[in-house]
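These notes are about the structure you will find just below.
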Amino acid sequence: MTPAINEMPIDARIDQIARRQSARFLHRLQQAGASSPGMERDYMRSVRFICTDIKAAIRESYPEAHSEPQDK
């Protein structure tokens with residue numbers, strides 16, 4: 001979930017939140033001994049799909065969220 005060069009601020013913020021919360025969750029699983037590399041990959045893939053859907057929903061509902069601020 002590395003931000004792309006042309007990503008908008010809201011996209012980068014969603015990715016930042018996803019990385020932080022994923023790290024917290026995966027750390028907890030590791031501490032409990034309930035983690036595996038395959039499980040971690042599957043979890044991160046799922047988070048990536050969710051974030052992609054959220055970003056698409058924001059773009060569809062709020063196109064102004066991705067437009068450049070206009071000077072008045």
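The values are calculated or read from the model by the stated rules, or taken from the named source; none is laboratory data. This one's a predicted model, so the numbers in the text were calculated from it and none came from an experiment. As a convention, Cβ positions derive from the backbone with ideal geometry for all residues, glycine included, and neighbour counts pool all protein chains shown. We work out accessible area using only protein heavy atoms, side chains counted, and drop any ligands, DNA or RNA first. Shrake-Rupley method; radii C 1.70, N 1.55, O 1.52, S 1.80 Å.
Looking at (1) surrounded by 10 or more Cβ atoms within 10 Å (Cβ to Cβ); (2) of a type in the set (A, V, I, L, M, F, W, C); (3) at pLDDT 95 or above, which one does A32 not meet, given that it meets all the others?
Of everything listed in (1) surrounded by 10 or more Cβ atoms within 10 Å (Cβ to Cβ); (2) of a type in the set (A, V, I, L, M, F, W, C); (3) at pLDDT 95 or above, A32 misses just condition (1).
Please specify each residue of region 35-47 satisfying the condition of being out of contact with any helix residue (DSSP H, G or I) (no Cβ under 8 Å at 6 or more places or on another chain) and open to solvent by 80 Å² or more (accessible area, probe 1.4 Å).
Residues of region 35-47 out of contact with any helix residue (DSSP H, G or I) (no Cβ under 8 Å at 6 or more places or on another chain): 36-38, 41-42, 45-46.
Within region 35-47, P37, R41, D42, R45 qualify.
Identify, by number, the condition in (1) out of contact with any Cys (no Cβ under 6 Å at 6 or more places or on another chain); (2) in contact (Cβ under 8 Å) with a residue 12 or more places away in the chain that G38 doesn't meet.
Every condition holds for G38 apart from (2).
What pairs come up if the first residue lies in region 11-30 and is more than 11 Å from C51 (Cβ to Cβ), the second is of a type in the set (D, E), and their beta carbons are under 7 Å apart, counting only those six or more places apart or on different chains?
Between residues of region 11-30 that are more than 11 Å from C51 (Cβ to Cβ) and residues that are of a type in the set (D, E), the close pairs are L26/E40.
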